[in-house]
Amino acid sequence: MIAAVEGPLQADRKESGVKRFAQDGLAALISSIIAVTYSLSYGALIFSGPLASQLSQGITLMLVTAAVSAIVVALLSSFRFAIGGPDSNVTAVFAAIAASTGAALPNDPALGARSVVLILMLTGLAGGSILVALGSYRIGRWIRFIPYPIVAGFLAATGWLLFNGSLRVIADVSVPNGLAAAVTPGGAERLAVGLLFAGILFATRRTRNPLVLPATLIGGAALVDLVLAVTGSFAQAHAAGWFVQAFGGPHLTSVLNPGAYAGFSWHLVRDNLAALATAITVAVMALLFSAAGLEATTEVDANFDRELQASGFASIASAVCGGFIGLLSSNRTLLNLRAGAQTRWAGVLVGVLCAAALAGGSPIIGLVPRPVLGGLLLSLGYGLLQDWLIIAWRRLSAMEFVLVLAIVVVTAIAGFVDALVLGLLFSCVSFAIRYGRSRSIRHALSAQQKRSRVERGRAEHDALEAHGNAIRMLVLQGYIFFGTANAVLEQARTYLDPANPDHARYLILDFAAVSGIDSSAGNSFGKLVSLGQRAGTRVVFCSLADPIADLLLRGGVTGGTDAHGVFRDLDRALEWCEEDLLANLAGIEREAIPAWLARELGSSERADALLTYFETVAIAADTPLFHRGDASDALYIVETGRLRVSIGGGAREHRLREMIAGSFVGEMGLFTDEPRSADVIAETDSTLYRLSRASLDRMYAYDSALASAFGTLLFRLQAQRLRFASGEIAALEA
């Protein structure tokens, strides 16, 4: 019975495997046609102008890159349907490098071509190593932090390089130099064919049918060949440079082959070092953009660090085999997926077919007209220009669009390196200006608006109410650097001015919402401390994260023999300032409880009568008065000592209030008959007046007038607390 069941299941699995293999094979065939065509186009882009006669070397190098990187990326990528190969963005940058190299060796194009090939292989090895290192150090996530205008400018500039390079492929002309050469009969014909083919490709680029692009490429090439054959112009067209030359053979080498370096002029690397660094930077950005785009399109979670390593190993293997940088390709990967790819074997098979084209495809590839290859590049370039320049103005602000346009213009005039530097400088300046305009001061308060959590008696409360402007607070926020630190300094100056009636004796700087500061900001705070010393103002710091505290300590702003106050949080900084201010104010004495009650209740007789219902209790330091959750069976008035109201314990303890002489404790729970909501612990030896629930009930029963007066007193104290809390909230919301 078991065997009878297993037979059909195995047959189903076999049929499913055959179906998957057939789908992978068809997808690989379609994708390989595109990969080969792109390789021809990219080779023609780099080996154009002075190096056009050596185009076969460029095609060989590109096919090696396509074959090797397709296999490696397919096996290592986080996308199971991934296709790797030479990238248009990187190729566009290398086209400029190749042009300068060819111009440096105008009398020896063969040497120029060998030099370009070796530079490409060396860059593949170096770039691949950098990609692997970046992936190992998990740099992939930083793609999220590249400013959008830089991305748009980078892609639009790449579009321009492809657009201009495609004209060299089609008719050996460029913008603006040499465009008049296209007016000649031969150039005009090639340009017309290339523009027509580019228009057809551009019109069909949004289609989701995977067969459209390869069918258009094959059909366009066949149509041009047919027209030339019918008109008898095939031989003349070959002589006029309409077709790709045969390739393969002696230029196929490796970056590890010592013979590849014979006769190489190393000054070419030195002269193009900045451009090569730019090409590697572009490779990193292009790869991460491709991975991010595939993640959004396919809804498959991308591992950016894994993609960096996969393309890094692909580039290294490509350089060893005679190619250059090979990256994950978003458009070829999507084409492979839409063509029906099911497993990684589709990508591996694409690499095998590209290798087969390299080994025996020269006669067939020799029939592909250059205007067809140039038309493909032209459609790619114009598509990037349309998406990131023409349409971008709808998504960008005027300033951002100017940046994108400037990057494209500088690329056309001075090159990609200068444009990239311009974009980075502009972004830095723009960031400094915009962030400098942001509010680095979240709140500017005084002790009349915000107090510490210490519950004080009436005399101290009134003193702080009258002299609260002597304590000023600046609650800071964000990242504070040279642009925003000055705003803090200028605000603080208004409090330090002795001519100001509200001259501050204490200035608290709260860093709880500060993400970081730089050394220039630290210098500004040091200057503020010096100004405070001359003005008689104590500058106090609180809520310092470790990196900020270290920077201020190293800069001499805090610490030393004349150490300035540094507190854990704003509440403790406020408490210290209040205590110091009260200690220096004349005529403030803490009233005894009987005298205070007599004043609050209107007579000493009534105060004495009230105290008959209380009992006196003593509590030692570090002893709990009650715990959270205990029954609320009494209220207390602090006569001497200090109590701490908190929740949590140990390192997680959170202080809610500090109760000193004249403070009520536990009254809310007694009247609401709810369990204790917090722990109350004696910080020092303390003496308390205790009113139990039974005594309160007896007061209501035998002296209702006294009970009513006592209730009015409690209501008045709660109203004062609520009024001050409302004022604090209003100040924080201002």
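The values are calculated or read from the model by the stated rules, or taken from the named source; none is laboratory data. Owing to the predicted nature of the structure, the values given are computational and were not obtained by experimental measurement. Methodologically, a virtual Cβ is constructed for each residue, glycine included, from the backbone with ideal geometry; neighbour enumeration extends over all protein chains shown.
Restricting attention to segment 533-549, and to residues there that are among the small types (Gly, Ala, Ser) and out of contact with any Leu (no Cβ under 8 Å at 6 or more places or on another chain), which single residue is nearest to residue 519 (Cα to Cα)?
549
I'd like to check something: does segment 326-333 contain any residue that is surrounded by 21 or more Cβ atoms within 10 Å (Cβ to Cβ) and out of contact with any Gly (no Cβ under 7 Å at 6 or more places or on another chain)?
yes
For the structure I just gave you, tell me whether residue 705 is loosely packed, with under 15 Cβ neighbours inside 10 Å, farther than 22 Å from residue 462 by Cβ and modelled with pLDDT of 90 or more.
Criteria met by residue 705.
Suppose we filter segment 586-619 for residues that are surrounded by 15 or more Cβ atoms within 10 Å (Cβ to Cβ), farther than 17 Å from residue 664 by Cβ and not β-branched (Val, Ile, Thr); how many remain?
2
Sort out which residues of segment 648-666 are closer than 25 Å to residue 461 by Cα and not in a loop (DSSP other than H, G, I, E, B), and write them in order of number.
Listed by number, the residues that qualify are 654, 655, 656, 657, 658, 659, 664, 665.
If a residue must be among the basic types (Lys, Arg), surrounded by fewer than 22 Cβ atoms within 10 Å (Cβ to Cβ) and in contact (Cβ under 8 Å) with a residue 40 or more places away in the chain, how many such residues does segment 341-394 contain?
Looking only at that region, the number is 1.
Give segment 620-657 a look and list any residue that's in contact with a Leu (Cβ under 9 Å, 6 or more places away or on another chain) and either buried (at least 20 other Cβ atoms within 10 Å of the Cβ) or closer than 18 Å to residue 592 by Cβ (or both), or say none.
Correct list: 625, 634, 635, 636, 637, 638, 639, 640, 641, 643, 644, 645.
Does any residue of segment 174-186 turn out to be surrounded by 15 or more Cβ atoms within 10 Å (Cβ to Cβ) and at pLDDT 80 or above?
No: segment 174-186 contains no residue that is surrounded by 15 or more Cβ atoms within 10 Å (Cβ to Cβ) and at pLDDT 80 or above.
State whether one or more residues within segment 427-439 are surrounded by 20 or more Cβ atoms within 10 Å (Cβ to Cβ) and either polar (S, T, N, Q) or touching a residue at least 24 places away in the same chain (Cβ under 8 Å) (or both).
no
Would you call residue 376 modelled with pLDDT under 90, farther than 18 Å from residue 217 by Cβ, assigned to a helix (DSSP H, G or I) and not small (Gly, Ala, Ser)?
Answer is no for this residue.
Residues checked against (1) of a type outside the set (D, E, K, R); (2) touching a Phe, Trp or Tyr at 6+ places or on another chain (Cβ under 7 Å):
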{"residue": "493", "(1), (2)": "no, no"}
{"residue": "505", "(1), (2)": "no, no"}
{"residue": "509", "(1), (2)": "yes, yes"}
{"residue": "523", "(1), (2)": "yes, no"}
{"residue": "529", "(1), (2)": "yes, no"}
{"residue": "548", "(1), (2)": "yes, yes"}
{"residue": "552", "(1), (2)": "yes, yes"}
{"residue": "569", "(1), (2)": "no, no"}
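In segment 600-654, what residues are under 23 Å from residue 696 (Cα atoms) and free of Cβ contacts under 8 Å to residues at least 40 places away in the same chain?
If the condition is that a residue be under 23 Å from residue 696 (Cα atoms) and free of Cβ contacts under 8 Å to residues at least 40 places away in the same chain, then 603, 604, 605, 607, 608, 612 are the ones that fit.
State which residue is farthest from the chain's Cα centre (by Cα) when the search covers only segment 441-458 and only residues that are in a loop (DSSP other than H, G, I, E, B) and crowded, with 18+ Cβ neighbours inside 10 Å.
Applying the filter and picking the extreme gives 457.
Being under 31 Å from the mean Cα position of the chain (by Cα) and of a type outside the set (Phe, Trp, Tyr) is the filter; apply it to segment 345-389 and report the residue that is farthest from residue 71 (Cα to Cα).
389
Looking only at segment 334-350, decide whether some residue is out of contact with any strand residue (DSSP E or B) (no Cβ under 8 Å at 6 or more places or on another chain) and among the charged types (D, E, K, R).
Yes.
Within segment 669-722, work out how many residues are in contact with a His (Cβ under 8 Å, 6 or more places away or on another chain) and farther than 23 Å from residue 655 by Cα.
0
Hey, does segment 290-311 have a residue that's among the aliphatic types (A, V, I, L, M), in contact with a strand residue (DSSP E or B) (Cβ under 9 Å, 6 or more places away or on another chain) and at pLDDT 85 or above?
Yes: segment 290-311 contains one or more residues that are among the aliphatic types (A, V, I, L, M), in contact with a strand residue (DSSP E or B) (Cβ under 9 Å, 6 or more places away or on another chain) and at pLDDT 85 or above.
Please verify whether residue 110 is at negative phi, small (Gly, Ala, Ser), in the same structural domain as residue 27 (by TED's automatic domain parsing) and modelled with pLDDT of 85 or more, treating the condition exactly as stated.
no
Would a scan of segment 235-243 turn up a residue that is among the polar types (S, T, N, Q), within 23 Å of residue 102 (Cα to Cα) and either in a loop (DSSP other than H, G, I, E, B) or at pLDDT 80 or above (or both)?
no
Can you name the number of the only condition in (1) surrounded by fewer than 23 Cβ atoms within 10 Å (Cβ to Cβ); (2) in a helix (DSSP H, G or I) that residue 107 fails?
Result: residue 107 passes all but (2).
Quick test for you: out of 88, 56, pick the one residue that is over 22 Å from residue 264 (Cα atoms) and either in the same structural domain as residue 28 (by TED's automatic domain parsing) or in contact (Cβ under 8 Å) with a residue 24 or more places away in the chain (or both).
88
Return the residues of segment 319-340 that are assigned to a helix (DSSP H, G or I) and in contact (Cβ under 8 Å) with a residue 12 or more places away in the chain; say none if nothing qualifies.
Of everything in segment 319-340, those that are assigned to a helix (DSSP H, G or I) and in contact (Cβ under 8 Å) with a residue 12 or more places away in the chain turn out to be 319, 320, 321, 330, 332, 333, 334, 335, 336, 337, 338.
What residue, of 567, 541, 525, is more than 21 Å from residue 490 (Cα to Cα) and either within 50 Å of the chain's Cα centre (by Cα) or of a type in the set (Lys, Arg) (or both)?
567
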